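Let me begin by presenting the structure, written as structure tokens, before commenting on it.
The values are calculated or read from the model by the stated rules, or taken from the named source; none is laboratory data. Keep in mind that this is a model prediction, so the values were computed, not measured. Virtual Cβ from ideal backbone geometry, glycine too; neighbours counted across all protein chains shown. Protein only, heavy atoms only, side chains kept; ligands, DNA and RNA dropped before computing areas. Shrake-Rupley method; radii C 1.70, N 1.55, O 1.52, S 1.80 Å.
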Amino acid sequence: MGWWQVSADTLAGSRFVVSPLAEALASLLLLERATAAHPGERAWLETHLPAYRRRAADDPVSALVIRSALAPRWTADFLTPAPVPAPPGQAPPSFAEELARVRATPSGRARANLAVALGGPLPAALDRDDLARRAADTLEWVWTYTVLPDWPRRQRVLEADVLARTAQLGRAGWADALNGMRPGVRWLGESRLQINTYDNPPRELDRAQLLFIPVTPDQSWVCWDIPHRYGLVYPCSGALAEAGRMPVPEALGALIGPARAAVLVLLASPLSTTQLVALTGQGLGSVGRHLRILLDAGLVRRHRAGRSVLYFRTEAGDILARGAG
């Protein structure tokens, strides 16, 4: 198996971060693999896959760069830089700022990374110096046409996942927060974090920054900027990824009202009042009244995580929401 030996200082300084570039790359992976994990992804693919395939047909060299970079077992390193978190009080890096790092990859490094991903020499068509630029142009197209129009909703979902994971970490520790984050990931104990099931040698993370990066597509990978940063990209929970797309079951809406039912459906994963306002489009007062009624009925509970109060469904709330669905 592949695992990282994480020092106590590295673990204590680890962070959950949102990366627009990671979201664009996850969407590119989804387009390349054309396999949906849930109805929301299926609808997204039906909307965007035809245009993506037309673009690939019109630019076969760039299409070959992307296919080579996204090999089944290994993704070319230059396409997956570890995010650089912003210092406290500063805005996080924009997509353009993150993409500039990909575009600036030296040609020799891009070719070497692609050879590693392919597990052998490059095809003759890739013996050129513009590989990183072509990959960056493709990522920019994916961001502009398939992610950016939906980015405000996606960003809210990603931030909700970060809060949910943080609350889970506070309640039950690292093992509970990390196990099942992505296939093959689990906390082994003794400061060991399994990152996949491949037979790779362990790597020691000492005085490095460890990052956890959620994305809404059902895609995952590891990234790094050795020896400074290591990242684990993981798909946020299906309930959150579908937030804003999940229809309220008609029977549940008839029973408790469609607005209150929308809140209960979303609380399959812990969310704050602010996040519920953003995801439902309802006012703060309305969401607050719905939460009070659901709390009094024993259908949801709340838990403080740092300065946030997160609400989540109880077993009774799960039974009601799932039964009505």
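Miscellaneous remarks
- Angle in degrees between helix 60-69 and the longest Cα principal axis of the chain, rounded to the nearest 10: 70
- Amide H contacts of ASN196: GLY2, each under 5 Å away and 5 or more positions distant or on a separate chain (H built 1.01 Å from N in the peptide plane; Pro and chain starts excluded).
- Computed from phi, the 3J(HN,Hα) profile of the range 181-194 under the Karplus parametrisation 6.51, -1.76, 1.60 (θ = phi - 60°) reads 4, 8, x, x, 8, 7, 7, 8, x, 6, 6, 10, 10, 6 Hz, with x in place of Gly and Pro.
- Distance between the C-alpha centres of the range 63-109 and the range 143-173: 20 Å, rounded to the whole angstrom.
- In sequence order, the range 154-159 has phi-based couplings of 4, 4, 5, 5, 5, 5 Hz under the Karplus curve 6.51 cos²θ - 1.76 cosθ + 1.60, θ = phi - 60°, and Gly or Pro positions carry x.
- Taking the Cα centre of the chain as origin and assigning +1 to Lys and Arg Cβ atoms and -1 to Asp and Glu Cβ atoms, the resulting dipole is close to 560 debye.
- Nonlocal amide H pairs with LEU205, under 5 Å, H built at 1.01 Å: GLN5, VAL6, SER7
- A compact globular protein would have a Cα radius of gyration near 2.2 N^0.38 Å; the ratio found for the chain is 1.06.
- Local electrostatic count, THR47, Cβ distance below 11 Å [Lys/Arg +1, Asp/Glu -1]: -2
- Shown is the FRET efficiency for ASP59 and ASP127, computed with R0 = 25 Å from the Cβ-Cβ distance and rounded to the nearest 0.05: 0.90.
- Taking each DSSP H run with n ≥ 4 as -39500 (n - 2.57) and averaging over every residue of the chain yields -15000 deg cm²/dmol at 222 nm.
- Each residue of the range 256-261 is assigned a 3J(HN,Hα), and the resulting list reads 10, x, x, 5, 5, 5 Hz, derived from the Karplus form 6.51 cos²θ - 1.76 cosθ + 1.60 (θ = phi - 60°), x at Gly and Pro.
- Under 5 Å, built H, 5+ apart or other chain: amide partners of SER272: TYR311
- Accessible-area composition of the range 104-226, carbon plus sulfur, in percent [1.4 Å probe]: 48
- Ratio of the Cα radius of gyration of the range 23-84 to 2.2 N^0.38 Å, where N counts its residues: 1.18
- Surrounding net charge for ARG292, when Lys and Arg each add one and Asp and Glu each subtract one, Cβ distance under 14 Å: +3
- Summing Lys and Arg as +1 and Asp and Glu as -1 over all other residues whose Cβ lies under 14 Å from the Cβ of ASN200 gives a net charge of +1.
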